[in-house]
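Every number in this text was worked out from the coordinates using simple rules, so none of it is lab data. A quick note: this is a predicted structure, and the numbers were derived from the prediction, not measured. FYI the Cβ positions are ideal-geometry reconstructions off the backbone, even for glycines, and counts take in every protein chain you see.
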Amino acid sequence: MMKKPNTEKSKKAKRKLLIESFMVFFIVVSPFVFNLHEYISDDPTATINFLGISIDKNGFPNINVYVWFLLGKFVPFYLLLIWFFTCQHWWYHIIIIPLLMYAFQIFEGVFSDDKFIDTENVLWLLPVCMVVIPFVYFIRIKLYDKHVHGIDLEAMDAELQAYREKERLRQEKEDRKVERIVNKEAS
């Protein structure tokens, strides 16, 4: 029984094509998703029942404005999410910061009873920024040193290790010489 050699590659290619097609679809429909609020009533007493969840105006003048606000946060959020998962640049971790900013804004818009929203969510980002920014900057410095200045830290470490080994061998040779001289004088 012979197995087709390309079946595994074919399955991976089909899966990758399907995933990328979904991403392209969500990118293409983003302007339409953003404008969904235009199809919602601007009656101040209107509510929406979606999948058993009742959505009201949640402190906004009407449900149209509320959905407009949420879509204004959700669309950039999912576009940044797609960018984060598909980016192949060294700095892609920095995309986490605006991603979390939009996530906090969506959370605050849905679950907050405050009169004012989008006010203090930057403070929630500080711990994330304190981790992500130094991490990305460290990667940047290593890449900048290697590709711009031509400093290859691994090559430098190997060179230092070789120098230390050479110095150790030279020291051992001198120690043997001293030992021979001491042995000659003792005899």
Springs between alpha-carbon atoms under 10 Å, Gaussian network over the chain: tell me which of K173, K16, K73 tops the mean-square fluctuations.
-> K173
Added length on full extension, which subtracts the Cα-Cα distance from 0.36 nm per residue, I97 to S187 | 24.8 nm
Please tell me the relative contact order of the chain in percent, rounded to the nearest whole number, where contacts are Cα pairs under 8 Å and at least six residues apart.
-> 13
Working out 0.36 nm times the residue gap between L169 and D113, then minus their Cα-Cα distance, what length gain in nm do you get to one decimal?
-> 12.8 nm
Summing -39500 (n - 2.57) over every DSSP H run of at least 4 residues in the chain and dividing by its residue count gives a helix-only mean residue ellipticity at 222 nm, to the nearest 500 deg cm²/dmol, of -24000 deg cm²/dmol
With springs only between Cα atoms under 10 Å apart, run a GNM on the chain and tell me which of I117, I97, I82 wobbles the most.
-> I117
What aspartates and glutamates could a cross-link reach from K142, if we take a straight Cα to Cα line under 13 Å and drop same-chain neighbours fewer than 8 places away?
-> D152, E154
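Of the listed peptides 164-171, 22-29, 55-62, what is their order by residue-averaged count of other C-beta atoms within 10 Å, with the highest listed first? Spell out each step's value before the answer.
Values: 164-171: 10.0, 22-29: 12.1, 55-62: 15.2.
Most protected by this proxy first, the peptides run 55-62, 22-29, 164-171.
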Which of these, N64, N35, N49, has the largest mean-square fluctuation under a Gaussian network model of the chain (Cα springs below 10 Å)?
-> N49
Kirkwood Rh, angstrom, the chain [1 / mean 1/r, Cα pairs] | 23.1
Could you order peptides 125-133, 104-112 by the average number of other Cβ atoms within 10 Å of their residues, highest first?
-> 104-112, 125-133
Near-label residues of the stretch 27-66 by backbone N, under 11 Å of a point 7 Å along Cα→Cβ of I82 = 27-33
